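The values are calculated or read from the model by the stated rules, or taken from the named source; none is laboratory data. Bear in mind the structure is a predicted one, so any value in this text is a computation, not a measurement. A quick note on method: Cβ atoms are made from the backbone with ideal geometry, for glycine too, and the neighbour counts reach across all protein chains shown. Please note that ligands, DNA and RNA were not included when accessible areas were found on the heavy atoms of the full protein model with its side chains. Shrake-Rupley method; radii C 1.70, N 1.55, O 1.52, S 1.80 Å.
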Amino acid sequence: MRAIGSSLPRGDAVGKVVGATPYSGDLSMPGMLHAVTLFARRPHARILALDLGEAGRVPGVVCILTAADVPHNRFGLNVPDQPVLCGPGDDEHASRVRFVGDKVAVVVAETVEAAERARALIRVEYEALPVVPNPVAARQTGAPVLHAAHPDNVLLHYRVRKGDTLAGFAQADVVVEGEYSVGGQEHAFLQPEAGLAWLDEEGRVAVACAGQWAHEEQEQIAHALRLPDERVRVIHPAIGGAFGGREDISVQIVLALAAQKTGRPVKMVWTREESIIGHHKRHPMTYRCRTGATRDGRLVAAEVELVSDCGAYASTSTKVLGNATIMAVGPYDIPHVSIDAYTVYTNNVPSGAFRGFGAPQSHFAAESQMNKLAAALGMDPVELRLKNALRDGSLQVTQAPMPAGVSMDHVIEQCAESIGWRRTAQGWQRPAAAQPDSPWLRRGIGFAAAFKNIGFSFGYREHCWATVEIHGGGDIDRVVVRCAGSDVGQGAHLAFQQIAAEALGIEAEKVEIVSADTATTPGSSGSASASRMTFMAGNAIRGAAEKALAMWRDEEDRPVIATYEFNPPATTPMDDMGRSTPNFTYGYVAEAVEAEIDTETGEVRVRRVVCADDVGRAVNPQQVTGQIEGAVVQAQGWATIENFVQRDGLVLTPHLSTYLIPTVRDIPDRVDSIIVEVPDPLGPFGARGMAEMPFIPFAPALTAALHDATGVWFDHLPLTPVRVLETLDEQA
Amino acid sequence: MKPAPFEYYVPRSLDEALALLAEHGYDAKPLAGGQSLVPAMNFRLAQPAVLVDLNNLADLAGIMADGEGGLRIGAMTRQRAVERSPLVAQRAPLLAETLPYIAHPQIRNRGTVGGSLAHNDPAAELPAVALALDARMRVRKQDGERVVAASDFFLGIFTTALEPDELLTEIVFPPLPPRSGVAFEEMARRHGDYALVGCAARVTLAENGKVSDSRLVFFSVGDGPVQAVAAAKTLRGQRPGPAAMRASAEAASQEIDPPSDIHASADFRRHLAQVLARRALTRAVDRASALR
Ligand SMILES: Cc1cc2nc3c(=O)[nH]c(=O)nc-3n(C[C@H](O)[C@H](O)[C@H](O)COP(=O)(O)OP(=O)(O)OC[C@H]3O[C@@H](n4cnc5c(N)ncnc54)[C@H](O)[C@@H]3O)c2cc1C
């Protein structure tokens, strides 16, 4: 049996199911202290004074960290614009809190109870500042400036000009205009943030925590503590889900600081509420779109303006904006395109990485435009898509050709056929949904497609390290793979194991993965994000394995050890016309949704989803199906019941009783995962990244289904029952 | 979170339980399925000094026929047992129709009928059903017993006619009058969550097919189960066609004063009340008509 392509069981499954696997919140050490965080819990204020007197006298309190204790009080994954701790001092930037989850102090004590008691006694004198509640308010003249470097509160503006949209629209027989808005989303991973820090046997500050990119966390901790990177060690124990929500620093820096200051192990576990206000969300975005086509359904021009709510700090907003920009017209070849994209600081919880990374928002707008255009042309939506789908060599909006291996038409056709689209002499034809016997229930079927980059974009130096050790005599007894890449719950380590086994021609059981520890792995693997982990680590492991195998054959020494750094083709940043080679490869997906709507209560039920996802090569088909089903359900949550409500910078949904996520009884009645395998020329054994893709087309496919059911377009997410009814009323 | 410290008793008999309640009065709380009480204690919304665990009182659980068409359900009967009982399906179809809407199977496996009624959460289904069916509550204390009609039992938010030294022991559901139909409707943001709005309906038709009596009870719209009196009045004596149903539902939605929260505004709840009331009344009428 070949290692790749078989659904080997997860080695970590039993331990996780029976509760034996330690997550970071389960770790403890002798002599360990406990830390709690004092959050600002106000969206915008200046801290005038901080009085720790009474708090410091609480028995059991060991120390209280404030801004004054942080050697370099700024951090951030892309832009270091966020204070580790806010407080009065020389740095005016750190003297202000800019969102409810800004941190003011960390209390370290012998017990959690003592720490909590002390936290309640810290006196903070705030001067309230006017709140910037949304990007519209932020861009008004006279709005409070949130970051001195950006007097207009616009963190970044991307401008894309391809062809000549004036000329393009002049060729159009039909032009469709639309305005769209989408809400934020909470990751709601199972395990809230937690970590344990200590000084290890080599005197390093070690931090065990749940993250997505150990080497990046190491760098950010070292930066804030003004230490060389090698004085910091980051370890990821089992990780309880991430979805992008662990890309930013949460507890890591303050824990490292506390361990350094006290010389003792220090542990911190956030509550669910702290997690919800404390980490970033998916970007809420608004869109204004115009799309033009000729009568025979050829797209000729598109114009998009999009605005994303960056929240209080940059997080990954600039990167998300880049993705949103290049996907703003969907996976289509359009000769004339103009895009203006803005990400704007506000006093909301920062927005950042979340499965799809700007692609779900932009595809909602772009695919809704396509569905409206199909209706306006009287053309089947699948037919229209196939006419315009990106192909090998098509020019992207950035004017660079698509990398080889484009399979947009494959996934569209396979998905459409599976849910019952028919090819007729007049072209593709949508199946009619069977209507229930009820005056108020209506059913419809909708379609959408998407593409999404794999790996880091726009000139970011993308690379991944791996080491392979082969042990044995004549035969290979055992293989150790060292690769830092995080298994955030998606099963990356099993994929690593299968790829190594395949490359070496041995059984997967012989492969041991050593991972998620900056001290025992050869170098960075990059983040478990951007649908890149299997692709990047797979290539690195394959490279190291092939090198090791050659040594094994040529040399006497045992074990043989080979290290390899994988570098994909370089990408480039956008210039002032948006010209660039943004990505080295993409993944392709299409989805059809059959939904039912109650036209009197506004309830929406998803009956069936068909997702055709090109994964290049399914390393482990069961895990692929797991990713598809998980992504569909998460997208359904975003599109329907998940409603992250912020008012004047306050979070009105800080609990899982107010921020609702779908339960097993709310998910689609049926999800068909169609695994398409068009090899990626750059992928390890042809594999592509795939974990974000099935999320992306769900929302526009759902609203297309609702349009099929009711004749009404739903352009704003989430589809709360009230919003559904209001929309039905408006368009009735 | 953890509850405040408390004393814990496991009485072996009803008398022992009643004696403990008599002794501790306001400091004590009976513990049934714990599905409301334990979370409330963990959040420190309830801090009883004494818990009297009813789970060993086997006599308090059970489902029995009561005369011609009536039903008696012991207070400690698990919700799940009621849901699965053929006797309940036959004699109190409204209960059978309602139970799957209460929380999730895991919770119904522990949660009791008596616990839900004694708790009187304004968003709970069972108090509304008890009121719609004119249930009678059998209540015991150390030196006596009384029977309280559902209409006198539910007094307000989390408040009933029970005294601290009293236990609800049994609920009696009288037989439905002839030519009666019942129906239940609710809408929640998620399956298993407390409803945004829900209602239970009972309609009785006269020999001539006109409505002789009806009952419409909402929950999640006020301080407890809320009976829509005007709605019933509009229906009485009417031929139960679509227009009459619509008028009655409209009247019902006007006589309630639902709350606003993060999940739904008062206006939206009122709209839902009208839709659900119309659907429930219509189904109840259809079922009653089928019996003529
Ligand atoms: C996640 C979740 C979702 C839920 N969703 C719903 C829902 O949708 N609808 C719904 O109706 N309920 C819901 N519930 C509540 C559930 O139905 C409870 O089981 C029920 O409300 C209380 O029953 P219990 O037996 O658990 O009572 P307990 O929690 O043990 O007791 C509740 C109260 O009643 C008192 N009490 C109990 N028995 C007696 C008695 N015999 N005599 C006098 N006093 C007594 C107790 O002292 C206490 O004050 C939910 C619960 C959870 C945890």
Exercise for the section: Have a look at B:Pro105, B:Pro225, B:Ala206 and report the one farthest towards the positive end of the charge dipole of chain B, computed about the Cα centre with Cβ charges (Lys/Arg +1, Asp/Glu -1). Expected result: B:Ala206
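Only four residue types carry charge here, +1 at the Cβ of Lys and Arg and -1 at the Cβ of Asp and Glu. Report the dipole size of the range B:61-173 about the Cα centre in Debye, rounded to the nearest 20.
Numbers: 12 positive and 14 negative charges, 87 e Å.
Value, rounded to 20: 420 debye.
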Completion exercise
Once phi for every residue in the range A:37-47 is put through the Karplus expression 6.51 cos²θ - 1.76 cosθ + 1.60 (θ = phi - 60°), the whole-Hz ³J(HN,Hα) values, with Gly and Pro written as x, are 9, 8, 8, 5, 6, 9, x, 7, 6, 9, 8
Exercise for the section: For chain B, list log₁₀ I(q)/I(0) at each q in 0.08, 0.09 Å⁻¹, using the Debye formula over Cα point scatterers of equal strength and ignoring solvent, two decimals each. Expected result: -0.34, -0.43
Handout entry: Estimated vicinal HN-Hα couplings, Hz - the range A:51-63 in sequence order (Karplus 6.51, -1.76, 1.60; Gly, Pro = x)
Key = 10, 9, x, 5, 4, x, 8, 5, x, x, 6, 9, 7
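Please report, largest first and rounded to whole Å, the three semi-axes of the ellipsoid equivalent to the protein assembly as shown, where each semi-axis is the square root of five times an eigenvalue of the C-alpha gyration tensor. Show your work: numbers first, answer last.
Numbers: eigenvalues 521, 296, 166 Å².
Semi-axes from the Cα gyration tensor: 51, 38, 29 Å.
Per residue, how many Å² of accessible area does the range A:290-352 show with a 1.4 Å probe?
Normalised by residue count, the accessible surface of the range A:290-352 is 17 Å².
Can you pull a Stokes-Einstein diffusion coefficient for the range A:166-205 at 4 °C (1.567 mPa s), Rh from Kirkwood over Cα pairs, as a whole number of µm²/s?
Numbers: Rh = 17.0 Å.
Value of D from the Cα-based Kirkwood radius: 76 µm²/s.
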Problem - Built amide H within the under 5 Å cut-off of B:Ala46, gap 5+ - result: B:Met41
Practice task
Using amide H atoms built 1.01 Å from N in the peptide plane, name the residues 5+ places from B:Val197, or on other chains, whose amide H lies under 5 Å from its own.
Solution key: B:Met187
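I need the GluC sites (Glu not before Pro) found in the range B:47-120, filtered to DSSP loop residues with at most 10 other beta carbons within 10 Å of theirs. Please list the in-between numbers first.
Details: sites: B:Glu68, B:Glu83, B:Glu97; in loops: B:Glu68.
Passing both the DSSP loop test and the Cβ count: B:Glu68.
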Practice task
Quote the charge dipole size of the range B:7-53 about the Cα centre in Debye, to the nearest 20; the model charges only the Cβ of Lys and Arg (+1) and of Asp and Glu (-1).
Solution key: 220
Practice task
For the range A:42-190, build the convex hull from the C-alpha positions and give me its volume per residue in Å³.
Solution key: 186
Handout entry: Residues in the range A:588-630 occluded by at least 50 Å² - accessible area, probe radius 1.4 Å, against chain by itself
Key = A:Glu600, A:Thr601
Problem - Accessible surface of A:Thr640 - all protein chains present, 1.4 Å probe, nearest 10 Å² - result: 10
Exercise for the section: Under 1.5 on a/c is rounded, so check that first for the range A:463-566, then, if it is not, pick prolate when a/b is larger than b/c and oblate when it is not; a ≥ b ≥ c are the square roots of the alpha carbon gyration tensor eigenvalues. Expected result: prolate
Problem - Accessible surface of chain A, 1.4 Å probe, proportion on carbon and sulfur as whole % - result: 50
Fill in the blank from the handout: Hull volume per residue for the range A:549-668, using the convex hull of the C-alpha atoms, in Å³ is 289
Problem - Electrostatic dipole magnitude of chain A [Cβ: Lys, Arg +1; Asp, Glu -1; Cα centre; debye, to 20] - result: 460
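Once you compute Rg and the Kirkwood Rh from C-alpha atoms, what is the Rg to Rh ratio for the range A:287-415? Don't skip to the answer; put the middle values down first.
Working: Rg = 15.4 Å, Rh = 15.4 Å.
For the range A:287-415, the value is 1.00.
Want the number for A:Val514 to A:Asn78: 0.36 nm per residue separation, take away the alpha-carbon distance, what's left?
On the way: separation 436, 0.36 × 436 = 156.96 nm, distance 2.79 nm.
Once the chain is fully extended between A:Val514 and A:Asn78, it gains 154.2 nm.
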Fill in the blank from the handout: From DSSP H assignment alone, runs of 4+ in chain A each adding -39500 (n - 2.57), the sum over residues rounded to the nearest 500 puts [θ] at 222 nm at -8000 deg cm²/dmol
Completion exercise
Largest-first ranking of A:His150, B:His191 by accessible area, probe 1.4 Å, whole protein assembly kept, is B:His191, A:His150
Practice task
State, to one decimal in nm², a quarter of the convex hull surface area for the C-alpha atoms of the range B:61-173, i.e. the direction-averaged projected area.
Solution key: 6.5
Problem - Ranking by accessible area, most exposed first, for B:Arg246, A:Arg282 with a 1.4 Å probe - result: B:Arg246, A:Arg282
Problem - Calculated FRET efficiency for the pair A:Ala68/A:Glu507, C-beta based, R₀ 60 Å, to 0.05 - result: 0.60
Handout entry: P(r), alpha carbons of the range B:7-53 - 10 Å bins starting at zero, rounded %
Key = 29, 54, 17, 0
Problem - Distant-in-sequence amide H partners of A:Phe75 (H built 1.01 Å from N, under 5 Å) - result: A:Asp81, A:Gln82, A:Val84
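Are there any trypsin sites (Lys or Arg not before Pro) in the range A:187-256 that are in a DSSP loop and have at most 15 other Cβ atoms within 10 Å? List them by number. Provide the component values of the computation, followed by the final result.
Details: sites: A:Arg204, A:Arg226, A:Arg231, A:Arg233, A:Arg246; in loops: A:Arg204, A:Arg226, A:Arg246.
Answer in residue order: A:Arg226.
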Practice task
Could you tell me, in Å, what Rg and Dmax come out for the Cα atoms of the range A:112-256?
Solution key: 23.1, 72
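Using DSSP to call loops (not H, G, I, E or B), can you name the GluC sites (Glu not before Pro) in the range A:177-243 whose Cβ has at most 16 other Cβ atoms within 10 angstrom?
Values: sites: A:Glu177, A:Glu179, A:Glu186, A:Glu193, A:Glu201, A:Glu202, A:Glu216, A:Glu217, A:Glu219, A:Glu230; in loops: A:Glu186, A:Glu193, A:Glu201, A:Glu202.
Passing both the DSSP loop test and the Cβ count: A:Glu201, A:Glu202.
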Problem - Taking only Cα atoms of the range A:209-320, radius of gyration then Dmax in Å - result: 20.6, 73
Exercise for the section: Rounded, prolate or oblate: pick one for the range A:355-471, where a ≥ b ≥ c are the square roots of the eigenvalues of its C-alpha gyration tensor, a/c under 1.5 means rounded, and failing that, prolate if a/b is larger than b/c, else oblate. Expected result: prolate
Practice task
Evaluate the distance, in nm, between pseudo-label points positioned 7 Å from the Cα of B:Asp152 and of A:Asp669 along their respective Cα→Cβ axes.
Solution key: 4.8
Completion exercise
Expressed in angstrom and ordered largest first, the alpha-carbon extents of the range A:603-657 along the principal axes are 47, 25, 18
Fill in the blank from the handout: Under the Karplus relation with 6.51, -1.76 and 1.60 and θ = phi - 60°, whole-Hz ³J(HN,Hα) for the range A:431-443, x at Gly and Pro, equal x, 8, 6, 5, 8, x, 7, 7, x, 10, 9, 10, 10
